[in-house]
Structure formats: structure tokens, C-alpha cells
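Enquirer: Pasting in a structure now, in C-alpha cells, and then I'll have a few things to ask.
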Amino acid sequence: MMDDPTPYKDLGLVNTREMFKKAMADGYAVPAYNFNNMEQLQAIVIGCVESKSPVILQVSGSARKYADPSLLPHMVKGAVAMAKKMSGSIPIALHLDHGDSFELAKDCIDSGFSSVMLDGSHHSFDENVRLTKTVVDYARERDVTVEGELGVLAGVEDEVSSAVSHYTKPEEVEEFVGKTGVDSLAISIGTSHGAYKFKLKPGEEVPSLRFDILEEIEKRLPGYPIVLHGASSVTPEHVALINRYGGKLESAVGIPAEQLRRAARSAVCKINIDSDGRLAMTAMIRQVFTEKPAEFDPRKYLGPARDELVKMVKHKNINVLGSAHQA
Ligand code: G3H
Ligand code: 13P
Ligand code: ZN
């Protein structure tokens, strides 16, 4: 038997509409931090409450499965209560990251998500429009916001030219937004997912994001919220700690903070960060395991990992995205 739908407002959540309006007006980006487990959720909420930032709690389809679809809304409801107790509350959205089907998006909306992404970027333009529109139609009636995507984020590319062909085509954005009615649009301007975003030769600098494409999109969609995926900086300090304590992350490299600051001041209203959180936690867990090999209480390694993630979240909100003191 199907469970009754849980409207996100019952969980104390908000959709992203007002968040983006304010971020656009005041020139910052709202952080979207991915999580899979309790410690990550706690750290994200604590970090955002302590820096007084709005936050988008972001869950991929596989993360939702990992946490369990029935348990997840209860965890998030608890996180909202924790934020309220700590601070008198910050705006919190729960967002499906890279949804790949109407069924998944619907299931998330019915279980309390306030925002969903339909990532149809691997399909043809027409199929992307069709699929995204089915989700928008369902979401709109429930006041849930929808993110679409145009352009494909490159993986690690050997050839710059092969990355170029995946960039968002500015001439497509008005038609896509007009036909689908999405509330925000993820674009591809040179970021990519994971910890290996560029293959650099010795002495070579990280290339600039394609701000020219972003500017062209801003001209075509004035005042419209843009989303940046694959925006981890792959914090060198955490990579170094991981390698020092037995890890093996060779030539991991991310997006420099200065480029993200520039994006956050533009129409980019949402910046997605997953890998940096994974690296922060892994660095601390490796350190504890190496320095205290007799330790076997999970709180003794997940606790320091959580503390490090709180620090990272506050640093991003204050120094990179500009979302601190905006809640
Ligand atoms: O963009 C993808 C996110 O980093 C989530 O990754 O599917 O491993 O949870 P995941
Ligand atoms: P990173 O791998 O750069 O953290 O990107 C995360 C992301 O885009 C989630 O959708
Ligand atoms: Zn992504």
C-alpha cells in the first residue's frame, strides 16, 4: 500500500524560490551540500546555523537509497528541529540531486522534498524538454521548485576540445526555460564532478571557467537563477592529509575559490558541493585511524570528521559563497 504524501511544509522546509530571489538581489550563492548520513547532515546544519546561512540539503538518488527513503524525511525533520533549537531557524530546502526520471522526482516530492532536479542533459534537447516538463507540471501543483540542466558536465578530459562540445549552448536556454517552466537552470561552463577536475601538466594553472558563456546566458535570461554543479575546490589541505595518512589521491584538483566567488556574485544562485565534504571527513578519519590504531568507537572518528565538516561549511559560506549572515 502507498504511504500518504508528506508535504515538505510539514517537515519545516521551504522551496528554493525566495532563497534564489534574495541571493540574486544581494549577489551571493546559496550552498547546496550533499549528504548521505547523520554526521554529514548534522555538520551541514550546524555549519549553516553558526554562519547564519540559508542551505539546500542535497541528496542524490543513490544517497537516498543509502540513507533509506523512509528514514530520510525523518532525519531532515529532526535537522530542522535542531536548527530551530540552536538559532531560531534558517531557511532549509531538501533537494533531489540529478534526478533521472519522473518516477524518482515524484517519489521524492511525495515524501517531503521541497525541490527536485530533473537532469535530462544526456538526452536530446526535445527529450530533455519533455521529461523536465512532466516533473515541472507535477511539482508546480505542490509548490515544489524544479532545477533543469542544459549542457553536459565533462568528466576528466584529456583534450580541451572534447570538453568544449559539452558546454551549455546559450542560444538554447530561453527556449528550454520557456518550454519547461523550470525555476533554475544548471549549466556547464567548465566544472565537473569529483576530485579530478583537470589534468594539468607540471607548472600548468587551472583553466578559467567559461565566464563568457555565463555572461551570454545572463543576457538572455536576465535575473534568472543559474546553478553550478561540480563546484568543489578539492581542498589541497585535505588531499595532503589523506595522502599523509595512507591515502592515495594523486593529482586531485578542483575549482579555485576565487572563481567560485566570482560566480557567486553573478546570476549563479546555487553552488553544489559534495567532494569537498567527502575529503574533509576522510582526512580526519584517516588521521584518527593512523594516530590512534586502538580506537574502535565510531564516535571517536566520526566526531572529528563531523567537526571538520562544520569548519569547512562555515569557511565556504563566509569566504567563498557569501551566504553567511543572509539567513
Ligand atoms: O553529482 C553527484 C553528487 O556528487 C552525488 O554523488 O551519486 O555518489 O551520491 P552520488
Ligand atoms: P563536486 O563533485 O565538485 O562536489 O560536485 C557536486 C555536485 O555537483 C553535486 O550535484
Ligand atoms: Zn552535480
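The values are calculated or read from the model by the stated rules, or taken from the named source; none is laboratory data. As the structure is a prediction and not an experimental result, all values here were calculated from the model. Positions of Cβ are generated from backbone atoms using ideal geometry, with glycine treated the same way; all protein chains shown enter the neighbour counts. SASA here: full protein model, heavy atoms, side chains in, ligands and nucleic acids out. Shrake-Rupley method; radii C 1.70, N 1.55, O 1.52, S 1.80 Å.
Enquirer: Diagonalise the Cα gyration tensor of the chain and give the resulting equivalent ellipsoid semi-axes, square root of 5 times each eigenvalue, largest first, whole Å.
Expert: Details: eigenvalues 167, 135, 65 Å².
After diagonalising the Cα gyration tensor, the semi-axes are 29, 26, 18 Å.
Enquirer: So how strong a dipole does the stretch 37-112 carry about its Cα centre when Lys and Arg Cβ are +1 and Asp and Glu Cβ are -1, to the nearest 20 debye?
Expert: On the way: 7 positive and 8 negative charges, 72 e Å.
For the stretch 37-112, the charge dipole is close to 340 debye.
Enquirer: Here's another thing I want to ask about it. To the nearest 20 debye, what is the magnitude of the charge dipole of the stretch 184-327 about its Cα centre, counting +1 on the Cβ of each Lys and Arg and -1 on the Cβ of each Asp and Glu?
Expert: 180 debye
Enquirer: Whole number in Å², please: accessible area per residue of the stretch 268-315, 1.4 Å probe, ligands, DNA and RNA not counted.
Expert: Working: 2380 Å² over 48 residues.
Heavy-atom SASA per residue in the stretch 268-315 reads 50 Å².
Enquirer: Calculate the dipole size of the stretch 72-134 relative to its Cα centre from +1 charges on Lys and Arg beta carbons and -1 charges on Asp and Glu beta carbons; express the result in debye to the nearest 20. Don't skip to the end; give the middle numbers.
Expert: Numbers: 6 positive and 8 negative charges, 105 e Å.
Rounded to the nearest 20 debye, it is 500 debye.
Enquirer: Starting from the Cα of Lys300, draw a straight line to each of the lysines and keep only those under 19 Å, dropping any in the same chain fewer than 8 residues away.
Expert: Lys292, Lys311
Enquirer: Taking the simple approach of a point 7 Å from Cα along Cα-to-Cβ for both Arg140 and Arg299, what is their distance in nm?
Expert: Going from the Arg140 label point to the Arg299 one covers 5.1 nm.
Enquirer: Over the chain, with a Gaussian network built from C-alpha contacts below 10 Å, which listed residue (Thr235, Thr16, Thr290) shows the highest mean-square fluctuation?
Expert: Thr290
Enquirer: Further question on the same structure: Compute a Gaussian network model of the chain, connecting alpha carbons closer than 10 Å, and tell me which residue from Gln40, Gln287, Gln58 fluctuates the most.
Expert: Gln287
Enquirer: Could you work out the per residue convex hull volume over the alpha carbons of the stretch 1-123, in cubic angstrom?
Expert: On the way: hull volume 13.4 nm³, N = 123.
Cα-based convex hull of the stretch 1-123, divided per residue, equals 109 Å³.
Enquirer: Quickly estimate the mean residue ellipticity at 222 nm for the chain, helices only: each DSSP H run with n ≥ 4 gives -39500 (n - 2.57), and the total goes over all residues, rounded to 500. Walk me through the numbers before you get to the answer.
Expert: Working: 13 runs with 151 residues, N = 327.
Value at 222 nm, helices only, nearest 500: -14000 deg cm²/dmol.
Enquirer: Let me ask you something else. How large is ³J(HN,Hα), in whole Hz, for each residue of the stretch 26-42 in order, when computed from phi with the Karplus curve 6.51 cos²θ - 1.76 cosθ + 1.60 and θ = phi - 60°, using x for Gly and Pro?
Expert: So the Karplus estimates, Gly and Pro as x, are 9, x, 9, 10, 7, x, 10, 9, 7, 9, 10, 9, 5, 5, 5, 4, 4 Hz.
Enquirer: So for the pair Ser208, Met86, with labels modelled 7 Å out along Cα→Cβ, what separation do we get in nm?
Expert: In this crude spin-label approximation the distance works out to 3.7 nm.
Enquirer: Of all DSSP beta bridges in the chain, what percent run antiparallel (nearest 5)?
Expert: Working: 0 of 30 bridges.
The antiparallel proportion sits near 0 percent.
Enquirer: Could you work out which residue, out of Ser89, Ser70, Ser51, moves most in a Gaussian network model of the chain, that is, has the largest mean-square fluctuation with Cα springs under 10 Å?
Expert: With Cα springs under 10 Å in the chain, the top fluctuation among Ser89, Ser70, Ser51 is at Ser70.
Enquirer: Have a look at the DSSP beta bridges in the stretch 81-209 and tell me what percent are antiparallel, nearest 5. Don't jump to the answer; show the numbers that get you there.
Expert: On the way: 0 of 10 bridges.
Of the beta bridges lying entirely in the stretch 81-209, close to 0 percent run antiparallel.
Enquirer: Calculate, for Asp126 and His166, the FRET efficiency according to 1/(1 + (r/R0)^6) with r their C-beta to C-beta distance and R0 25 Å; round to the nearest 0.05. Please report the intermediate quantities before stating the final value.
Expert: Details: r = 18 Å, r/R0 = 0.73.
After rounding, the FRET efficiency stands at 0.85.
Enquirer: I've got another one for you. Report the trypsin sites (Lys or Arg not before Pro) located in the stretch 239-316 that are in a DSSP loop and have at most 15 other Cβ atoms inside 10 Å of their Cβ, or state none.
Expert: Lys248
Enquirer: Grab the eigenvalues of the alpha-carbon gyration tensor for the stretch 175-233, scale each by 5, take roots, and send me the semi-axes largest first in whole angstrom.
Expert: Details: eigenvalues 155, 34, 12 Å².
Three semi-axes, in Å: 28, 13, 8.
Enquirer: What's the center-to-center distance, using Cα atoms, between the stretch 265-314 and the stretch 182-241 in Å?
Expert: Here the answer is 22 Å between Cα centres.
Enquirer: How far apart, in nanometres, would the label points at His74 and Lys199 be if each is projected 7 angstrom from Cα along the Cα-to-Cβ direction?
Expert: Calculated label separation equals 4.7 nm.
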